[in-house]
């Protein structure tokens, strides 16, 4: 009988129940999708890293040959150039001798094992498109190649590529790929554990639509008409150390080591460890937060429902029914209702976990396992929240029923004497009647208001986070190139006449202990303007010192006026930082080209790159980089980011909508008799809405205004953290238009919820106030 | 001032029609203290709802101060209630999160020419309790606060629905004294509904209802003193 009553009671709250169910479902869904998706990667990745000996660190060495090397190898090499790339063109054997000498020198100095990692960047021609390929020379013991399908190349005209690239370009094993006008047969798909190999020159580029890593036979690699790039992959033999330890223990190593990057601090490889553990933590945190909100709302609803039945319960208790008998049907209902939505959430999470896994795989080139059922995950996603819900429900109901039958029949007035209430009220003493009234009622329902604040804050923050992310690629790549007039960049000019563009020097260097790309620009440069945040031209300052990009400033902490050591090979020079350029393309430091050329090469006309506002002739250059191609790739990545943006904003809006909707509804129920009373007294509809909903309206504005500085603060912290840990700039921004957009969206959500609340207010019976005692 | 012209009210629940008030003809003058008496289900609350503009009659007319409020839509009825009438309920209906002063201000806020909170509290003898919360007052005091809340709008008619129903005899008499004094001094018309026959003795006029019909309407030239009646 009681069971039927409970079902009938909750039947009247269908909409509320469905929305609550959605919140509960969302918590289970998020946890399951993240947990299963991350597990599928973790279970395949960690053994893969072990079996294929992922490097512990990478050492980059200078592109310039230093005098120590020249002297040490004078017996076997006749050095005619100071750049390694030039040396390769002139004497390949000598080039590899320098590499071996460097490796041995480092191994002698450090307690590590090292292997030279060689690669060549080239172009793939596909129909009318040019794609990029980084061909990696197979290693012997560190970063060994993993074959994911097919076979490794056996002959010089065979190639193995990334499966993601093949899938994106409808390529299959056995198809032909044209690299530098030579045809190669695809024999299989491969992965490499050292993802610190940036595809292209931009660490931000992770799209495999127009770029791939590849493997050829050693002979095939050697035959590829490109100058190899290289670095050293290393393993610690005994103790671990980081870059700071290294430069402190061996200050002289600066001439040999351009950069020392721990794998765990590398965005494209090491970050996966943090990503996986971070995903578990984030998934759990999001789930706990959402389920926490759901649980509290369920608690409030159960409390409300049982409270409204106090009188009949009092009578039943007076007739001899025990608390357990009264409570049992409620708990049964709660259990079935929660279990249903938790299972639904789990099922959906299971269904969507491959998508979540694949989202990772867009960025990290990693192996993965099929999604597999995990008992611990299932228990955490379903039974833990269920248990919490049941325990909470039990105590809420027990607390309400654990009084004499008479007190249930005639409940005592709920005394609003709490310290918080009285203190809060005193704060609003000086305000007008309406504000005092609105906030008095908010203070009267602190639990609900607290859930409201947390929920809406969380939902708005999620939206801000999403729009903040939306700018990342715009700022990093698009934003940068949009400010330039460069159409193409040529490297390794091989023509005899003057190049058709502006001469530039691009060199890797160490600025104090931070890795950077030093770009030598001329003052009369027009294709690469340099401005600060206010738009002032910084090119004239280059003759006096360095101009650093904003992203380099974030990574290194240098400021205008600081003096820094610029290390280019064994050469070390002191410069003053003159200004910060408002660009985010990476670790760029700008200097006057003539000064740089004279300092390093004793030739003030030296250059190694050409910036042009036309498409440079590929025949005249070793490599031509077309800006448009990069921007196209950015556009495709932006699509991914935008999908994520819509997903996160959508989730935030749904959570926000449900919370605002449910709590405004509960609020109207709380004030049912007050509303009736106001109506009888003669309050107009608008006045009642203002009194009852106005407080929440003001609260919304307050929460919104609070989220803005919080979001800005966390964006800065995240930017700083990524810059310090991964040398990756995450320029998250809040644009006024985005703030406005989210404000409008939440305004609409509140209006929709308010409309429903107003409808409820309008249906409150006038005579209710005349007969029913209000608490 | 208050006129009911063949006013009837039917309530329909499914196929069952209940006639709550049948052909009520009535006229109450300004300043009268009227008790509507009747047992439970006699139609007295229905009559009060109609006179107070809380409900529409199924048939007939309700005229208050020469305005036919039975023709009013909801919006007009709100304006009517706002300006013309005050209500006192059996269960006080005070807002427990608000102090006595704030509870009264709730009504003052929507009035064009409200009295002061201090004045109305003085009128009901509670001027010392302005900053107290309702739970700090006795039942009788709470009812007096609800009377003060009704008075602050300076209503021309005060409708009281079983205002002493939850009070013991002595406290109830105090509340009735407040209403009587108010009626005498401000000439506010008081319409009080009750099932308590004793209370009818203090009224200028008694209207008795039974099964939705007025069965008696008599004026009392010498109403009893409140102290002399026994519940």
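Just so you know, all these numbers are worked out from the coordinates, no wet-lab data involved. Keep in mind that what you see is a predicted model, and the values were worked out from it rather than measured. Because the Cβ atoms are built from the backbone with ideal geometry, glycine has one as well, and the counts that use them run over all protein chains shown.
So for chain A, averaging the separation of alpha carbon pairs under 8 Å that are six or more residues apart and normalising by length, what relative contact order in percent results?
On the way: 1298 pairs, mean separation 126.7, N = 775.
Worked out over chain A, it gives 16 percent.
In this simple spin-label approximation, residue A:113 and residue A:155 carry label points 7 Å from Cα along the Cα→Cβ vector, and these lie 3.5 nm apart. Computed from label points 7 Å out along Cα-Cβ, the spacing between residue B:122 and residue A:146 is 8.9 nm. Compared with the dominant principal axis of the Cα atoms in chain A, helix A:446-470 is inclined by about 20°.
Taking 0.36 nm per residue of separation and subtracting the Cα-Cα distance, full extension of the segment from residue A:12 to residue A:684 would add 239.2 nm.
Run the numbers for residue A:537 and residue A:307: contour at 0.36 nm per residue of separation, minus the present Cα-Cα distance, in nm.
Values: separation 230, 0.36 × 230 = 82.80 nm, distance 7.02 nm.
Residue separation times 0.36 nm, minus the Cα-Cα distance, leaves 75.8 nm.
Among A:650-659, A:671-680, the peptide with the highest mean count of other Cβ atoms within 10 Å heads the list, and the full ranking is A:671-680, A:650-659. The mean number of Cβ atoms from other chains found within 10 Å of a Cβ in peptide A:669-681 is 4, as a whole number.
When the helices of chain A are scored as -39500 (n - 2.57) per DSSP H run of n ≥ 4 and the total is divided over every residue, the value at 222 nm lands at -17500 deg cm²/dmol.
Would you please give the FRET efficiency between residue A:222 and residue A:250, computed as 1/(1 + (r/R0)^6) with r the Cβ-Cβ distance and R0 = 35 Å, to the nearest 0.05?
Numbers: r = 33 Å, r/R0 = 0.95.
The pair residue A:222/residue A:250 has a calculated efficiency of 0.60.
Calculate, for residue A:289 and residue A:50, the FRET efficiency according to 1/(1 + (r/R0)^6) with r their C-beta to C-beta distance and R0 45 Å; round to the nearest 0.05.
Values: r = 35 Å, r/R0 = 0.77.
The calculated FRET efficiency here is 0.85.
Spherically averaged projected area of the convex hull of Cα atoms, the protein assembly as shown: 52.0 nm². Remark on segment A:58-116: ratio of C-alpha radius of gyration to 2.2 N^0.38 Å is 1.10. At full extension, residue A:626 and residue A:430 could sit 64.0 nm farther apart than now, given 0.36 nm per residue minus the alpha carbon distance. Based on alpha-carbon atoms, the Kirkwood radius and the radius of gyration of segment B:89-231 give Rg/Rh equal to 0.98. Site pair residue A:390 and residue B:40 shows an inter-label distance of 4.2 nm when each label is modelled 7 Å from Cα along Cα→Cβ. Axis of helix B:169-186 versus longest Cα principal axis of chain B: the two differ by about 80°, to the nearest ten degrees.
Kirkwood radius, segment A:287-332, all distinct C-alpha pairs, inverse of mean reciprocal distance: 11.9 Å. Sorted largest first, the spans of the alpha carbon positions of segment B:135-201 along the three principal axes are 31, 28, 17 Å.
Relative to the first principal axis of the alpha-carbon coordinates of chain A, what is the inclination of helix A:384-401, with its axis defined by its Cα atoms, in degrees from 0 to 90 and to the nearest 10? Tilt relative to chain A: about 20 degrees. Peptide B:99-111 is shielded by partner chain Cβ atoms: per residue, an average of 3 of them sit within 10 Å of its Cβ. Can you compute the FRET efficiency between residue A:343 and residue A:323 using 1/(1 + (r/R0)^6), with r the Cβ-Cβ distance and R0 = 30 Å? Round to the nearest 0.05. The computed FRET efficiency comes out at 0.55.
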